[in-house]
């Protein structure tokens, strides 16, 4: 028993000593830990991409130490609120997700994109129209024709009423003048994939990454994506824009700093992010997980946050 | 055959095996600590897994996954503090066996044996029947999920052994708690009182830690207040299970493992449901069901075999369809993809050696878990000999640290303290905490799939009776609900 106690004390002491060492004054970002608040649970898409981004940033910025902290409370809202309230000294950063553009207009959150300064957005997954391989339509036009002939018949899977893929489907309905039967799968895209594979629903508009293995195996097909440019993973799939329907719905996640963070510190991070997001290793890391890497940096990312906020404000107002 | 040999070559390499052993060890630690979840362990070590070339990183994650499910049972048995939601059912008989019967070694021995058996059984099922079970899993649509949830809820009558009415009340309270937050089916905000915290619903883990760990600490303080410390040292009974025990639980092991494998292969369901269903079935088929809850070996073996059998089952949709059933398998699928192994229908054709390597990895993980478990039982079991004045403050601190580290949220800690206080009094009034937990686990599943089914059928209730699998579960649920009442009636007649 005494030996065990001594061992415990030894471990504690080493940990304490390790914590004391190496606190020399250095220039930002090497002058202390940088906490990164991830408003989603460990293991999800936002979490893995954030942790990946952090790892690469740490390599790019010698001496820096990024510490990810998951705060998935309240569906991610509390994490985003905590970040907005954090001291804007460059030592607290965080991820925000597309919900930030939607929730304020649904009465679910008080923070908006104006509370943050964007550093970069490593992911902006577009809504992809995915149907089973043996469905009687091969193009967007054929699908729309079928939907018009069968109003309210096509069962369209989404990730929850009022969530992003539901809004994508509502946008689709409005643009093409069709009607779907919306079936929510609140646990997310994996459940939609299972339902599509089991033929319980006819179609979905969702992030294609979860469906990759089924698509690669030829069990599902993607008719079109709601993005500005074609996906690197599916270069043969046309965008809605090319087909004459400029719909852009994307589930992004962005690394941001609270508003008021000094510009020079933000610039250090933005420059590093620019290099990281355009590097081949980073892109490969994402592609291997079925995620289309994007490199929307700095002001461009700020603009995307603002654009989406305006779009959802208009769409959700009615 | 050459595929199997090359797979064996990949796994049976010192570095790979080292990773596996390390993974199992981390898994057991994370599993045993309430608040530290499997997903957290996997996410923390994921960067390390990426750094390792080839299969070794995957083996480490497999080790964590298997080890964590087992680890949850250790604290459940010794401290009545389930380390994971999957081991709540293990407290029902494991804790009485370790404390009231003073046989902690026996309880841990049985749970280790059952865990290993369940894990290996389900791996065998994964190898032999994966395509077949995947087909069954794909049959599950919203009506079937609803029926399965109702079937799960029917267990409440059997885990609340003392008082069925109070059990049902606990279950209903759980169902109510599950409605808090944003309702994903309608987008409506329910019972949040304008707070951000409740938007995502009440966190389940803090409630679990509160009503089990904290309530138990309070109870123990009351029981042992002013108690003079007994100096008699309890000799640890043997750790390897007796032949009689093995014979007694054998049928239970097979039944529970089959249940666990089946539930594991359905995406979105996991060890928590499997362990309760396995416990319930063990009790129903037993000839001495009235002894359950007092520390019978079947009551320890059933939930542990059931929850560990989920591990093999959960890999069925991952490997055959490329669809992860829960957070833990999603993380491991991500790790596989980073190594260039894309799970899914093409995997068995393109990368057969890797498939066999995963099979072997699961086998080895369970064997390592078994060896590690048996060699550490004596050490673990000593916990019951630690004087209460030392042990209780430690657990008390652990409940706070564990709750906070789960989501880094002080609100969670408040929820834990409040539910601990409530749990303490409810325990005194003989309400069953297990039925509360079942209600919370299954509430959202039942509600969301009920609403979803009606969306699919345009509001017609016929959808629940026209689908055979759904009807089967619903009828089974009704039978489960009625039998205890009939037995109760019979007993009453006898008494008169």
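Between residue B:12 and residue B:404, what is the FRET efficiency for a Förster distance of 35 Å, r being their Cβ-Cβ separation, to the nearest 0.05?
Computed FRET efficiency for residue B:12 and residue B:404 comes out at 0.30.
Return the percentage of antiparallel bridges among DSSP beta bridges fully within the protein assembly as shown, rounded to the nearest 5 %.
60 percent
What average number of partner chain Cβ atoms lie no more than 10 Å from the Cβ of the residues making up A:210-217?
So the per-residue partner count for this stretch is 6.
What does the extension gain come out to for residue B:430 and residue B:238, with contour length at 0.36 nm per residue minus their alpha carbon separation?
Extra length from residue B:430 to residue B:238 when fully extended: 65.8 nm.
Considering only C-alpha atoms, what is the centroid distance from the range A:146-225 to the range B:63-106, in Å?
42 Å
Please work out whether the range A:128-225 counts as rounded, prolate or oblate from its C-alpha gyration tensor, where a ≥ b ≥ c are the square roots of the eigenvalues and a/c under 1.5 means rounded, while otherwise a/b larger than b/c means prolate and anything else oblate?
Oblate, since a/c reaches 1.5 and b/c is not below a/b.
What angle, in degrees between 0 and 90 and rounded to the nearest 10, separates the Cα long axis of helix A:2-20 from the longest principal axis of the Cα atoms of chain A?
Roughly 80 degrees, rounded to the nearest 10.
Using just the helices of chain B, give the 222 nm mean residue ellipticity in deg cm²/dmol: DSSP H runs with n ≥ 4 each add -39,500 (n - 2.57), and the total is spread over all residues, rounded to 500.
-24500 deg cm²/dmol
Could you give the distance between the Cα centres of the range B:401-445 and the range B:205-230, to the whole Å?
14 Å
Pull up the DSSP beta bridges for chain A and report the antiparallel fraction as a percent, rounded to 5.
60 percent
Which angle between 0 and 90 degrees, to the nearest 10, do you get for helix A:45-60 versus the longest principal axis of chain A when only C-alpha atoms count?
50 degrees
Treating the Cα atoms of the protein assembly as shown as identical point scatterers in vacuum, please give the log10 of the normalised Debye intensity I(q)/I(0) at q = 0.06, 0.09 Å⁻¹, two decimals.
Computed log10 I(q)/I(0) values: -0.38, -0.88.
Label-point separation (nm) for residue B:472 and residue A:139, each offset 7 Å from Cα along Cα-to-Cβ?
With each label placed 7 Å out from Cα toward Cβ, I get 4.5 nm.
Report the residues of the range B:286-309 in range of a label on residue B:101: point 7 Å along Cα→C-beta, backbone N strictly under 15 Å from it.
B:287-304
Return one quarter of the surface area of the convex hull spanned by the alpha-carbon atoms of chain B, equal to its mean projected area, in nm².
25.0 nm²
Have a look at the DSSP beta bridges in the range A:128-225 and tell me what percent are antiparallel, nearest 5.
Close to 55 percent.
I'd like the orientation of helix A:164-176 relative to chain A: the angle between its Cα long axis and the longest Cα principal axis, in ° from 0 to 90, rounded to 10.
30 degrees
Taking R0 as 51 Å, what's the FRET efficiency between residue B:455 and residue B:388 from their Cβ-Cβ distance, rounded to 0.05?
So, using R0 = 51 Å, E works out to roughly 0.40.
As a check on your grasp of the helix formula, calculate [θ] at 222 nm for chain A: sum -39500 (n - 2.57) over DSSP H runs of n ≥ 4, divide by the residue count, round to the nearest 500.
It lands at -12500 deg cm²/dmol.
Just check chain A against the gyration tensor rule for me: Cα atoms, a ≥ b ≥ c as the square roots of the eigenvalues, rounded for a/c under 1.5, and otherwise prolate or oblate depending on whether a/b exceeds b/c.
Prolate, since a/c reaches 1.5 and a/b exceeds b/c.
Can you give me the Cα centroid spacing of the range B:324-395 and the range B:145-175 in angstrom?
30 Å
Simple spin-label model, 7 Å along Cα-to-Cβ: residue A:314 to residue A:150 in nm?
About 3.2 nm, to one decimal.
Gain in length, residue A:299 to residue A:284, computed as 0.36 nm per residue apart minus the alpha-carbon separation, to one decimal in nm?
Result for the pair: 2.9 nm of gain on full extension.
Report the full-extension gain for the segment residue B:462 to residue B:3: residue separation times 0.36 nm, less the Cα-Cα distance, to one decimal in nm.
160.3 nm
Please sort A:234-240, B:69-75, A:166-172 by packing, taking for each peptide the average over its residues of neighbouring beta carbons within 10 angstrom, highest first.
Descending packing order for the listed peptides: B:69-75, A:166-172, A:234-240.
Among B:370-379, B:177-186, B:304-313, how do they line up by average Cβ neighbours within 10 Å per residue, starting with the highest?
Most protected by this proxy first, the peptides run B:304-313, B:177-186, B:370-379.
From other protein chains only, count the Cβ atoms within 10 Å of every residue's Cβ in B:338-345, then give the mean.
Mean partner-chain Cβ count within 10 Å for B:338-345: 4.
How well do other chains shield peptide A:286-298, expressed as the mean number of their Cβ atoms within 10 Å of each residue Cβ?
2
Laboratory data are not the source of any read-out in this text; all were calculated from the coordinates shown. It should be emphasised that the depicted structure is a prediction, and the values quoted were computed from it without experimental measurement. Reconstructed Cβ throughout: ideal geometry from the backbone, glycine too, with neighbour counts over all protein chains shown.
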